[in-house]
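To keep things clear, I will list the structure first and then write my remarks on it.
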Amino acid sequence: MDLSFDQLILIALALSAGAFVQSLIGFGLAIVSAPIVMMIDPMLVPTAVTLVTLYLSSVNTWQYRSQLSLRGLGWAFVGRIPGTLVAGVMLVYLSLSSMQIIMGVAVLFAVIASVFKFSVEPNNKNMFLAGFVAAIMGTTTSIGGPPMALVLQKMDVVKLRANLSGYFIFSCVISLIALAAAGYFTLWHVKVSLVSLPFVLLASAIAYKVAPFVRAEWVRYGLLALCSFAGVTTIIRGFA
């Protein structure tokens, strides 16, 4: 599992690109970087990517801490736990390709509903459902951001970044515990993620400086574009 210097640089650059996007929009690190990292070494996905997402989410949460609402995220945290259990059952009884197709279609349906102004309020019920579905998607397809992003999309952009980052801290910790229990979390993953960390932090710092000049509608369009991309690629992986 030794990586060359060139491979480490490519991994760091891919994760940095994802970190820049996530720091601006609120999510997207895995969507942008995971396909590239997987081509270099599939063993790095999802563990190393999840570790970097945890680092980045911690930084973003601190940057926007004044806008964080843990009370508002509470029901998403609650939904995350049964969603993870359901995902485990689905992994036993459904094929991975079937789950990818189902989840991809669900995300695209939600994007279409958003484009046609169907409003999803971030109330307790919807936050629970978003956390529940995000847990299933994250566990089965490695892409868990879209459900939460779609429910929170109407938020003020700074609150959006803060609350998505806060949710991802909890989500990443749960995922890493599950990966460790399954034997997919090793010291090697930690070392690779730490090598990439300076690049990721630099990308996040640049995004933080740029963020005040990014208009709210640009963030929403970017969010919907990323969700669409996630849905399409998940469906393609299901048919592959």
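In nm, what is the difference between 0.36 nm times the number of residues separating Val86 and Ser58 and their Cα-Cα distance?
Contour length minus the Cα-Cα distance gives 7.4 nm.
Run the numbers for Glu217 and Lys191: contour at 0.36 nm per residue of separation, minus the present Cα-Cα distance, in nm.
Length difference between fully extended and current span is 5.6 nm.
With unit charges on the beta carbon (Lys/Arg positive, Asp/Glu negative), name the residue among Gly88, Ser58, Gln7 whose Cα is farthest towards the positive pole of the charge dipole of the chain.
So the residue furthest toward the plus end is Ser58.
List the extent of the Cα atoms of the chain along each of their three principal axes, largest first, rounded to whole Å.
48, 47, 30
Compute the distance in nm between two label points, each set 7 Å from the Cα along the Cα-to-Cβ direction, one at Asp41 and one at Ala182.
1.9 nm
How long is the gain from Ser97 to Lys209 if the chain were fully straight, where each residue apart is worth 0.36 nm and the alpha carbon distance is subtracted?
Taking Ser97 through Lys209 to full extension adds about 36.3 nm, to one decimal.
Taking R0 as 35 Å, what FRET efficiency do you get between Leu10 and Phe118 from their Cβ-Cβ distance, rounded to the nearest 0.05?
Between Leu10 and Phe118 the formula returns 0.30.
Output needed: percent of Cα pairs per 10 Å distance bin for the stretch 61-200, bins running from 0 to the one holding the longest distance.
11, 37, 35, 15, 1
Quick check for you: with a 1.4 Å probe and neighbouring chains kept, what is the accessible area per residue of the chain, in Å²?
48 Å²
So how many Å³ per residue does the convex hull of the Cα atoms of the stretch 1-108 work out to?
Per residue, the Cα convex hull of the stretch 1-108 comes to 137 Å³.
Work out the FRET efficiency for Val78 and Ala225 from their Cβ-Cβ distance, taking R0 = 35 Å, and round it to the nearest 0.05.
In this case the efficiency is close to 0.75.
Of Leu15, Leu85, which has the most accessible area with a 1.4 Å probe, and how do the rest follow in descending order?
The most accessible residue leads, giving Leu85, Leu15.
The values are calculated or read from the model by the stated rules, or taken from the named source; none is laboratory data. Bear in mind the structure is a predicted one, so any value in this text is a computation, not a measurement. In this analysis, Cβ positions are derived from the backbone assuming ideal geometry, glycine residues included, and neighbour counts consider all displayed protein chains. Note: accessible area is taken over every heavy atom of the protein model, side chains too, but ligands, DNA and RNA are not part of it. Shrake-Rupley method; radii C 1.70, N 1.55, O 1.52, S 1.80 Å.
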